[in-house]
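Step one of this worksheet: look at the structure below.
The values are calculated or read from the model by the stated rules, or taken from the named source; none is laboratory data. Since the structure is predicted, the reported quantities are computational estimates derived from the model, not experimental observations. Reconstructed Cβ throughout: ideal geometry from the backbone, glycine too, with neighbour counts over all protein chains shown. Each accessible area value is taken on the protein alone, full model and side chains, heavy atoms only, with ligands, DNA and RNA left out. Shrake-Rupley method; radii C 1.70, N 1.55, O 1.52, S 1.80 Å.
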Amino acid sequence: MATVTLSNVVKRFGAFTVVHGASMDIKDGEFVVFVGPSGCGKSTLLRMVAGLEDISGGDIAIGGKLVNDVEPAERGIAMVFQSYALYPHMSVEQNLSFGLRMTGNPKADTDRRVKRAAEILRISELMERRPKKLSGGQRQRVAIGRAIVREPQVFLFDEPLSNLDAELRVQMRVEISRLHKELGATMIYVTHDQTEAMTLADRIVVLRAGHIEQIGRPLDLYDNPDNLFVAGFVGSPKMNFIKAHIVGQDARGVVVELAGQDNARIVQPLTDVTPEVGSKVIVGVRPEHFGGAGEGDTDLVVAIDVIEHLGGTSFLYARTKNGEDVVIQRDAAKVPTTSEITVSIRKSYLFDEKGLRLR
Amino acid sequence: MRNRNATAYRFLTPYLLIFAIFWVWPIISSFIISFQATRTVPWRFAPSFNWGRLIGDPAFFNALKNTLLILVIQVPVMIALAMVMAVLLNSPLLKARGLYRFAFFAPVVVGEVAYSAVFRLMFSLDFGIVNKLLNSIGLPKIDWFSNVTPAMALIMIAVTWRWAGYNAIILLAGMQSIPEDVYEAATLDRVSKLKQFFYITLPLLKPVIVFCLVLSIIGTMQLFTEPFLITERGGPGGGTETLGLLLYRQGFRSLNFGYASAVAYTMAGLAIAITLLQLWLTREKQ
Ligand SMILES: Nc1ncnc2c1ncn2[C@@H]1O[C@H](COP(=O)(O)OP(=O)(O)O)[C@@H](O)[C@H]1O
Ligand SMILES: [Mg+2]
């Protein structure tokens, strides 16, 4: 087990910079998830930690040891690939033991490790099969088993669940969580799926276009996003964004008027900054932070387009008077019957025009 | 449905006619001819006339020996060489990959006569560049055309030169279809590049290698151009005569069609037998 430290890591492909100075400290035994939209540089960052990709600038240390020029094989890491990357011509047993056999590990120890990995992942019955004869979920287990057998200090996962169907994905997610508890190893996990990130991570690193947008615990990101991107990326359905402008200041904080809605004003307590009167801002409201009429600062009248019933809760897809789309969460018991309802804003976030959080 | 099939076959008729006349009929016809004595007029049915002669003909066994000798030495050497070329072509370090790919493939499209003429010049006793090179590194000149062993070696070198690149391109295509992440996984598994080649590339390439072997075996069984043009009709003194040459000599020089047909069927039969053996030896074990 080991810490992983990235200091200002840069990756360029030719003239094209893919990772712009990423820094983070990953603690021993921590489960860190890199999340972000496709093409934002998650895999590249992970592959640099693995050593499969050279770094163009900065430093990477594993277990306190600088590994910039250390061969991938010597970094004490194991990686699970999105495509599983199993050896197609070998049985499951051979897939698991290949690396150890090739490096002259004593046979008894190899057998012990393979047996243990097979038990942890419940694939003992599949040992003689070729990958071709396995289901997606079974292949995934074998790929993880191959990583376990290495007994690495750090596990790296690159979108390991994205080729599985939804149900299996949930099941494997739980198993990976269990595995992390059982092995206690440091794990870095890449995904574009914010639900996966929220459920698995001790800490999440949100990436966009090669920049780290925010690093934090799942609920910190949810409750306290640093910017519009993180606010919109974390949480499902997304946070609603409503255009607004500053109209003044009162004892509780700045007064914000929502665009196109007469007299719809909310008050935001701000400690760090005081935006100028008249400056444009964006108000972010999570679906569950809409209350009934009179429960918050202001009431909004919205027209409902579609209602999605999920059982316990329902989501109302609606529009404000000036045509901004909003999604509102309601208990199933409180789903309105009229096509127009009045809602209040119980809690909101304020962002400036550049998307930075105002607080 | 049946109607549409009929239409399709009508469109295919011209091709099928030509195929029947120039492919199917000669194959059947030569089978029949191989059982006939064709040096009497009229030809008559005499099963032992050609086949009986074949079994006791020293010229046939000489040609068979030469053909198999070339097969056994040249084919494995060429495939091994093709594999080395494919690995080099596949190397990320290589610059101007397209140029090499073209260069390796070019021998196949060069005219046979031109290529043979160039080889005769290159290996000529007194002016050939090969002997000049041998001399320059202190080795004696070799008379490539007058002695059997060097002549056989020359045939093998020429055939290898012509077909190694072709096989390398096929092997390269096979190599490029192996996913990169399998090698990355092996690298992280601490498996060396050399072991990756022997334990991943070779086994995954096996079907392609078998394909190349089968093609080469069939090709070498029919070997004709090189011994005909380079060592002048199987010279010296029949020392490089192959089954293909024997067939040609019997059929088109001695006009002994019955015997030539028997040789042709022997060649085809041997090629099929060796190929089947090869497929059986390399079959996927479950
Ligand atoms: N070998 C490469 N050469 C050039 N560009 C690359 C290479 N690998 C990745 N990229 C680019 O880097 C960016 C990030 O890629 P990647 O890390 O795979 O994204 P993600 O895993 O977040 O989807 C993409 O724009 C991709 O096109
Ligand atoms: Mg990726």
- Among the residues of region A:132-147, is there at least one that is open to solvent by 40 Å² or more (accessible area, probe 1.4 Å) and either aromatic (Phe, Trp, Tyr) or under 26 Å from A:Arg217 (Cβ atoms) (or both)? no
- Task: Starting from residues that are in a strand (DSSP E or B) and more than 22 Å from A:Ser83 (Cα to Cα), keep the ones in region A:34-62 and report whichever is nearest to the other protein chains (Cβ to nearest Cβ).
- Result: A:Ile62
- Query: Can you name every residue in region A:310-359 that is among the hydrophobic types (A, V, I, L, M, F, W, C) and farther than 19 Å from A:Met239 by Cα?
  - Reply: A:Ala332, A:Ala333, A:Val335, A:Ile341
- Message: As an exercise: evaluate B:Thr40 against (1) outside the structural domain of B:Ala151 (by TED's automatic domain parsing); (2) open to solvent by less than 100 Å² (accessible area, probe 1.4 Å); (3) not in a loop (DSSP other than H, G, I, E, B) and give the number of the one condition it does not meet.
- Response: (3)
- Query: Which one of B:Ile169, B:Ile129 is at pLDDT below 95 and over 30 Å from A:Pro131 (Cβ atoms)?
  - Reply: B:Ile129
- Exactly one condition in (1) surrounded by 13 or more Cβ atoms within 10 Å (Cβ to Cβ); (2) modelled with pLDDT under 90; (3) not hydrophobic (A, V, I, L, M, F, W, C) is not met by B:Arg120; state its number. (2)
- Query: Within region A:163-179, can one find any residue that is within 16 Å of ligand 2 (Cβ to nearest atom), of a type outside the set (D, E, K, R), within 14 Å of another protein chain (Cβ to nearest Cβ) and open to solvent by less than 30 Å² (accessible area, probe 1.4 Å)?
  - Reply: no
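Return yes or no: is A:Glu295 away from ligand 2 (no atom under 16 Å from the Cβ), touching a Lys or Arg at 6+ places or on another chain (Cβ under 9 Å) and either open to solvent by less than 10 Å² (accessible area, probe 1.4 Å) or not β-branched (Val, Ile, Thr) (or both)?
In short, yes.
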- Note on the structure: Scanning region A:133-162 residue by residue, the ones that are within 11 Å of chain B (Cβ to nearest Cβ) and not in a strand (DSSP E or B) total 7
- Query: Inside region A:78-90, can you point out the residues that are in a strand (DSSP E or B) and more than 7 Å from every other protein chain (Cβ to nearest Cβ)?
  - Reply: A:Val80
- Query: For region A:192-213, what are the residues that are away from ligand 1 (no atom under 14 Å from the Cβ) and either in a strand (DSSP E or B) or within 14 Å of chain B (Cβ to nearest Cβ) (or both)?
  - Reply: A:Arg203, A:Ile204
- Message: Show me the helices (runs of 4 or more DSSP H) entirely contained within region B:142-213 in which 3 or more residues are touching a residue at least 40 places away in the same chain (Cβ under 8 Å) and open to solvent by 10 Å² or more (accessible area, probe 1.4 Å).
- Response: B:148-176
- Message: Just the residues that are of a type outside the set (A, V, I, L, M) and away from ligand 2 (no atom under 16 Å from the Cβ), please, taken from region A:45-63.
- Response: A:Gly51, A:Asp54, A:Ser56, A:Gly57, A:Gly58, A:Asp59, A:Gly63
- Scope region A:156-191; condition within 16 Å of ligand 1 (Cβ to nearest atom) and in contact with a strand residue (DSSP E or B) (Cβ under 7 Å, 6 or more places away or on another chain); matching residues: A:Leu156, A:Phe157, A:Asp158, A:Glu159, A:Pro160, A:Ile188, A:Tyr189, A:Val190, A:Thr191
- Message: So, in region A:11-44, exactly how many residues are farther than 24 Å from A:Pro218 by Cβ, touching a residue at least 12 places away in the same chain (Cβ under 8 Å) and within 16 Å of ligand 2 (Cβ to nearest atom)?
- Response: 2
- The residue that is farthest from ligand 1 (Cβ to nearest atom), considering only those in region A:19-46 that are of a type in the set (S, T, N, Q) and over 17 Å from A:Ala197 (Cα atoms), is A:Ser23
- Note on the structure: Note on region A:95-132: residues in a helix (DSSP H, G or I) and within 17 Å of B:Ala186 (Cα to Cα) are A:Asn95, A:Leu96, A:Ser97, A:Phe98, A:Gly99, A:Leu100, A:Arg101, A:Met102, A:Thr110, A:Val114, A:Pro131
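Have a look at A:Ser279, A:Ser236 and point out the one that is touching a strand residue (DSSP E or B) at 6+ places or on another chain (Cβ under 9 Å), among the hydroxyl-bearing types (Ser, Thr, Tyr) and at pLDDT below 95.
One residue alone meets the criteria, A:Ser279.
Would you call B:Ala103 in contact with a helix residue (DSSP H, G or I) (Cβ under 9 Å, 6 or more places away or on another chain), at pLDDT 95 or above and assigned by TED's automatic domain parsing to the domain that holds B:Arg162?
Details: in contact with a helix residue (DSSP H, G or I) (Cβ under 9 Å, 6 or more places away or on another chain): yes; at pLDDT 95 or above: no; assigned by TED's automatic domain parsing to the domain that holds B:Arg162: yes.
Criteria not met by B:Ala103.
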- Task: Examine region A:309-328 for a residue that is basic (Lys, Arg), assigned by TED's automatic domain parsing to the domain that holds A:Arg252 and under 28 Å from the mean Cα position of the chain (by Cα), and state whether such a residue exists.
- Result: no
- Message: Can you find a residue that is surrounded by fewer than 22 Cβ atoms within 10 Å (Cβ to Cβ), polar (S, T, N, Q) and in a loop (DSSP other than H, G, I, E, B) anywhere in region B:227-246?
- Response: no
- Message: Taking the conditions exactly as written (open to solvent by less than 10 Å² (accessible area, probe 1.4 Å), assigned by TED's automatic domain parsing to the domain that holds A:Phe229 and either in contact (Cβ under 8 Å) with a residue 40 or more places away in the chain or β-branched (Val, Ile, Thr) (or both)), does A:Glu159 satisfy them or not?
- Response: no
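Specify the residue that is modelled with the highest pLDDT; the eligible residues are those in region A:33-68 that are among the basic types (Lys, Arg) and over 17 Å from A:Gln214 (Cα atoms). Outline the logic, then answer.
The initial filter retains those residues of region A:33-68 that are among the basic types (Lys, Arg), namely A:42, A:47, A:65.
From the residues that got through so far, the ones that are over 17 Å from A:Gln214 (Cα atoms) too are A:47, A:65.
Working: A:Arg47: 96, A:Lys65: 93.
Here the residue is A:Arg47.
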- Select from region A:63-73 the residues that are free of Cβ contacts under 8 Å to residues at least 24 places away in the same chain and more than 8 Å from every other protein chain (Cβ to nearest Cβ) and write down the one among them that is surrounded by the most Cβ atoms within 10 Å (Cβ to Cβ). A:Val67
- Are any residues in region B:186-243 modelled with pLDDT under 90 and either under 30 Å from A:Val114 (Cα atoms) or within 14 Å of chain A (Cβ to nearest Cβ) (or both), and if so, which ones? none
